[in-house]
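Undergrad: One structure is given below, represented as structure tokens, and several questions about it will come after.
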Amino acid sequence: MAVGNIEFPHMHAVSGIKLGATCAGIKQTERDDLLLVEMTEATTCAAVFTQNAFCAAPVLVARDNLEKQPRYLLVNSGNANAGTGEQGLLDAQASCAAVAKLSDVNSEQVLPFSTGVIGEALPINKIVTALAGAQANLKEDNWDKAAHAILTTDTFAKGYSKIIEIDGQSVTVTGMSKGAGMIQPNMATMLGFIATDARISQANLQECLTETVEQSFNRITVDGDTSTNDACVLMASGKSSLPELIAGSDVMLQFQLAIQEACKYLAEAIIRDGEGATKLIKIKVQQAVSDAEAVEVAKTIAHSPLVKTAFFASDPNWGRILAAVGRSGVDGLDVNKISIYLGDVCIVDKGGRATSYTEAAGQKIMDQQEITVTVDLGRGECEQQVLTCDFSYDYVRINAEYRT
């Protein structure tokens, strides 16, 4: 079940980036589960990874290989290759070596990514056997097929694509993401892959991605669980006629805004597809002392099972939101300055129930599919927003049956 009507867009090809998908039979044999992405030699590549201490073997290998001018990405779904110890590392490295042998590159120029069940050995032989099929399918206009190959419990493929004009030249930005559960990226089971034909140095590309992820993928949460495998990759082939982007320039700012739009769209799509989700909830915290304070308050609300189940029930039990704000750990919080809104309905003012509030007004907002919660702390000038969803019966069912 997804919140809203999400259609997979037309995906513009990015010159210099080819994608090929095939079925390796890693966990199932009904759809593609192996993706190979090829980048031209001049492509720069940036990435951010999970901060989970138990990060998966492919994350460790990809981190090490990122500075070796990557030429290929290898992505498998159905198996996370996480919690697999030394053998997991050997398997991740073996998958890179197999791509290198097939493509005549160094194995350190391959970045591996995995998503799926944790704690099970990667079926490396299946992956190696299927690689030739993925390579044979490499095409620049293969984003649709690629986006479907990386799914796990997702109910729909998530894509974004636009051709924009910067300084009179066309620049393409195309990307895809996957994720529905175990979502609280903290780079941060979320993967994101974005490509552009802009020309930009690796250092500037990395800075652009790091800043963008902080305001997009790091501002979403389904269940508060940070995956062992989270990663987001940004590739720039340099095939556009636009001159190289220089840090601090107006042109660079326009480019960064375009990447931000792509990442925010893909991040929101993950929340709309949250496991069992029936509602999209935007939690906006304003007048905070710092951005970190605003995010902490927003995520405390977003992570509360009591808040999330109330939203599923369409129950305007506003006391649960108030309680979450109160336990968010803000030093010196003056509850008498706090106002809380459901949509445009004030539910809390000056530390207590707003005199204008009625249950009928609250119910009208809670019956909606998309709801904004606004918390005004009355103590500063900073504002941040976090996206989340509700907890339904289906969330429990999906995760209870995940390995069956």
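Coordinate-derived values only; no laboratory data. What you are looking at is a predicted structure, and each value in this text was computed from that prediction instead of being measured. All Cβ positions, glycine included, derive from the backbone under ideal geometry; neighbour counts span all protein chains shown.
Undergrad: I need the peptides 92-101, 318-327, 69-78 ranked by packing, meaning the mean over residues of other C-beta atoms within 10 angstrom, with the highest value on top.
TA: Values: 92-101: 20.4, 318-327: 18.0, 69-78: 23.6.
In descending order of packing, they fall as 69-78, 92-101, 318-327.
Undergrad: Per residue of the chain, what 222 nm ellipticity follows from adding -39500 (n - 2.57) for every DSSP H run with n ≥ 4, rounded to the nearest 500? Walk me through the numbers before you get to the answer.
TA: Details: 11 runs with 129 residues, N = 404.
When only DSSP H runs of four or more count, the value is -10000 deg cm²/dmol.
Undergrad: Moving on to the next point. Could you sort the peptides 384-391, 152-159 by per-residue average Cβ neighbour count (10 Å cutoff), highest mean leading? Before the final figure, lay out the partial values.
TA: Numbers: 384-391: 24.5, 152-159: 20.9.
Descending mean neighbour count gives 384-391, 152-159.
Undergrad: Which of (i) 38, 24, 18; (ii) 46, 29, 19; (iii) 32, 26, 18 is the computed semi-axes √(5λ) of the Cα gyration tensor in Å for the structure on display?
TA: Answer by label: (i).
Undergrad: Mind checking which lysines have their C-alpha under 19 Å from K308, skipping anything on the same chain fewer than 8 residues away?
TA: Straight-line reach from K308, under 19 Å: K279, K282, K284, K299, K364.
Undergrad: Fewest first, what order do L19, L257, L66 take by the number of other Cβ atoms within 10 Å? The partial results should precede the final answer.
TA: Values: L19 29, L257 13, L66 19.
Fewest to most other Cβ atoms nearby, the residues stand as L257, L66, L19.
Undergrad: Dipole size in debye (nearest 20) for the stretch 319-365 around its Cα centre, Lys and Arg Cβ +1, Asp and Glu Cβ -1? Before the final figure, lay out each step's value.
TA: Values: 6 positive and 5 negative charges, 22 e Å.
Dipole size: approximately 100 debye.
Undergrad: Same structure again: Treating the beta-carbon of each Lys and Arg as +1 and of each Asp and Glu as -1, no other charges, what is the dipole magnitude of the stretch 17-272 about its Cα centre, to the nearest 20 debye? Mind showing how you got there, number by number?
TA: Working: 18 positive and 29 negative charges, 90 e Å.
My answer is approximately 440 debye.
Undergrad: Let me ask something else about it. Which residue, G351, V375, V307, has the largest displacement toward the positive end of the dipole of the stretch 280-400 when charges sit on each Cβ (Lys, Arg +1; Asp, Glu -1)?
TA: V307
Undergrad: How would you rank 107-118, 334-345, 45-56, highest first, on the average number of other Cβ atoms within 10 Å across their residues?
TA: On the way: 107-118: 24.0, 334-345: 16.8, 45-56: 20.6.
Put in order of decreasing packing, that is 107-118, 45-56, 334-345.
Undergrad: Could you list T43, T355 so that the one with the fewest beta carbons within 10 Å of its beta carbon is first and the one with the most is last? Mind dumping the intermediate values first?
TA: Working: T43 24, T355 8.
Lowest count first: T355, T43.
Undergrad: Under the 0.36 nm per residue contour assumption, what length would be gained going from the current alpha-carbon distance of T40 and F54 to full extension?
TA: Details: separation 14, 0.36 × 14 = 5.04 nm, distance 3.24 nm.
Stretched out fully, the T40 to F54 stretch lengthens by 1.8 nm.
Undergrad: Another question, then. So which lysines can K68 reach, going by Cα to Cα under 18 Å and dropping same-chain residues fewer than 8 places off?
TA: Excluding near neighbours in sequence, the set is K101.
Undergrad: Let me ask something else. For the chain, what proportion of DSSP beta bridges, expressed in % and rounded to the nearest 5, is antiparallel? Walk me through the intermediate numbers first.
TA: Values: 51 of 73 bridges.
Here the antiparallel bridges make up roughly 70 percent for the chain.
Undergrad: In Å, what Kirkwood hydrodynamic radius results for the stretch 280-400 from the alpha-carbon pair distances? Before the final figure, lay out the partial values.
TA: Values: mean 1/r = 0.0697 Å⁻¹.
For the stretch 280-400, inverting the mean 1/r across all distinct Cα pairs yields 14.4 Å.
Undergrad: Shifting gears a bit: So if we plug the beta-carbon distance of N106 and V335 into 1/(1 + (r/R0)^6) with R0 = 51 Å, what FRET efficiency do we get, rounded to 0.05?
TA: Working: r = 59 Å, r/R0 = 1.16.
With a Förster radius of 51 Å, E is 0.30.
Undergrad: By a straight-distance test (C-alpha under 20 Å), which lysines pair with K239 as possible cross-link partners, with residues fewer than eight away in the same chain excluded?
TA: K18, K139, K162
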